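Following: one structure in structure tokens, then a few remarks.
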Amino acid sequence: MSTSSAHLWSPVRWAANGAVRLAFDQLAGETDGEPLLLVTGLGVNRLWIPDGLCRMLAAQGFLVARYDQRDGGESTHLAPTATGNPFTALFARRGEAYTAEDMADDAVAVMDALGWRSAHLLGVSLGGAVAQRVALRHPHRVRTLTTMAAVPADAAGLRTLRYLRMRTLAAFARLRLPDTPDRAVAAGIAVSRLLASPNRSFDERAARAAAERNADSGVHDRQAQSRQIGAQWHGPPIRAITRPTLVLHGADDPLIKPSAARAIASRIRDSRLVLLPHVGHELPETAWAGLVAEVRGLADSARPLPSPPTG
């Protein structure tokens with residue numbers, strides 16, 4: 001994935017959810033359009049979302065903003081917890097640091113700081129699950145929901161295991177944590193290779209350039225990942241989502257099986273499922289045009305927002 005050019009984005013701003021500060025920015029030079037909030041994946045910062053994809057979304061009439069989830073990027077990192085392995089944390093009975101509701105509320109705090117009463121949501125990987133939970137918890141703030149490369153947001157513990165590819169998880173567990181800049185770059189390339197489609201040539205030069213430009217420690221911060229993935233959801237099941245929903249998934253995803261996308265689509269009424277050919281657990285340039293067209297089509301067909309709660 002590409003990283004960001006400084007001139008393309010506004011200066012970093014901050015939203016607050018209690019004691020947690022959330023770093024966010026907005027695509028520069030755009031003042032008109034429909035608000036679209038991008039929600040990032042496990043551990044990674046907002047710079048992992050390709051600039052080219054963001055520009056294409058803007059060209060289709062969206063005001064694009066992105067943020068670092070808590071325990072990612074420049075946002076607040078919480079204190080260490082007993083569980084330092086994200087896959088062990090996945091099966092814990094409860095999160096030790098915060099809840100999935102807290103993470104959903106983070107997205108709304110960013111929208112508040114942007115001055116957005118509502119927005120389209122596009123969440124990738126863990127961000128897809130977070131976006132689903134925002135649509136459950138704050139439906140009056142969500143114009144449309146696009147969830148990509150995600151598991152059902154109400155799946156927990158052993159119910160999640162059915163959607164994960166254990167061979168890829170084992171490969172992640174064998175990765176060496178970097179202790180030098182060169183090793184950090186090598187780790188970034190290794191992660192990109194693991195997540196890429198096996199049915200498309202891997203562009204190591206592009207992966208290296210991205211890793212060198214974006215020195216994101218979240219890729220190998222297992223403590224932070226454990227806190228994020230261990231956050232438990234206590235709200236309603238995803239069948240209660242009423243906002244217009246698009247479910248995207250790479251047909252070749254080596255980490256999360258396409259059956260996860262099918263499960264989400266089968267449980268959210270009137271949702272649309274699209275499997276992206278030759279796409280892994282990633283956002284390759286070859287998929288951008290189709291992805292943007294689907295998001296634009298969803299926005300164009302969206303039903304009116306429900307009335308906000310009173311009292």
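The values are calculated or read from the model by the stated rules, or taken from the named source; none is laboratory data. Since the structure is predicted, the reported quantities are computational estimates derived from the model, not experimental observations. Ideal geometry is used to build each Cβ from the backbone, glycine not excepted, and the neighbour counts take in all protein chains shown.
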Please work out if residue 171 is small (Gly, Ala, Ser), within 27 Å of residue 277 (Cβ to Cβ) and touching a strand residue (DSSP E or B) at 6+ places or on another chain (Cβ under 6 Å). no
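Considering 260, 287, 265, which residue is more than 22 Å from residue 138 (Cβ to Cβ), at pLDDT 95 or above and in contact with a strand residue (DSSP E or B) (Cβ under 6 Å, 6 or more places away or on another chain)?
Values: 260 fails: in contact with a strand residue (DSSP E or B) (Cβ under 6 Å, 6 or more places away or on another chain); 265 fails: more than 22 Å from residue 138 (Cβ to Cβ).
Every option except 287 fails the conditions.
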For segment 160-201, how many residues are within 30 Å of residue 232 (Cβ to Cβ), surrounded by fewer than 13 Cβ atoms within 10 Å (Cβ to Cβ) and under 23 Å from the mean Cα position of the chain (by Cα)? 6
Looking for something touching a residue at least 24 places away in the same chain (Cβ under 8 Å), within 28 Å of residue 74 (Cβ to Cβ), buried (at least 20 other Cβ atoms within 10 Å of the Cβ) and not basic (Lys, Arg) - is there at least one such residue anywhere in segment 266-273? no
Against the condition basic (Lys, Arg), in a loop (DSSP other than H, G, I, E, B) and within 21 Å of residue 255 (Cα to Cα), how does residue 193 come out, does it pass? no
Cβ-Cβ below 6 Å, separation at least six or inter-chain, first residue in segment 288-300 and surrounded by fewer than 18 Cβ atoms within 10 Å (Cβ to Cβ), second part of a helix (DSSP H, G or I) and not β-branched (Val, Ile, Thr): which pairs? 288/53; 288/56
Residues in segment 233-257 that are farther than 30 Å from residue 96 by Cα and either part of a loop (DSSP other than H, G, I, E, B) or modelled with pLDDT under 95 (or both): how many? 5
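Okay, residues lined up against (1) modelled with pLDDT of 95 or more; (2) under 18 Å from residue 45 (Cβ atoms); (3) assigned to a loop (DSSP other than H, G, I, E, B):
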| site | (1), (2), (3) |
| --- | --- |
| 87 | no, no, no |
| 102 | yes, no, no |
| 106 | yes, yes, no |
| 111 | yes, no, no |
| 132 | yes, no, no |
| 152 | yes, no, yes |
| 159 | no, no, no |
| 167 | no, no, no |
| 171 | no, no, no |
I'd like the residue in segment 1-59 that is of a type in the set (Phe, Trp, Tyr) and more than 13 Å from residue 113 (Cβ to Cβ) and, out of all such residues, is modelled with the lowest pLDDT. 48
Hits in segment 134-150 (condition: in contact with a strand residue (DSSP E or B) (Cβ under 9 Å, 6 or more places away or on another chain) and in a loop (DSSP other than H, G, I, E, B)): 149, 150
In segment 274-287, the residues that are among the acidic types (Asp, Glu) and either surrounded by fewer than 16 Cβ atoms within 10 Å (Cβ to Cβ) or in a helix (DSSP H, G or I) (or both): 285
Is it the case that residue 55 is basic (Lys, Arg) and in contact with a Leu (Cβ under 8 Å, 6 or more places away or on another chain)? yes
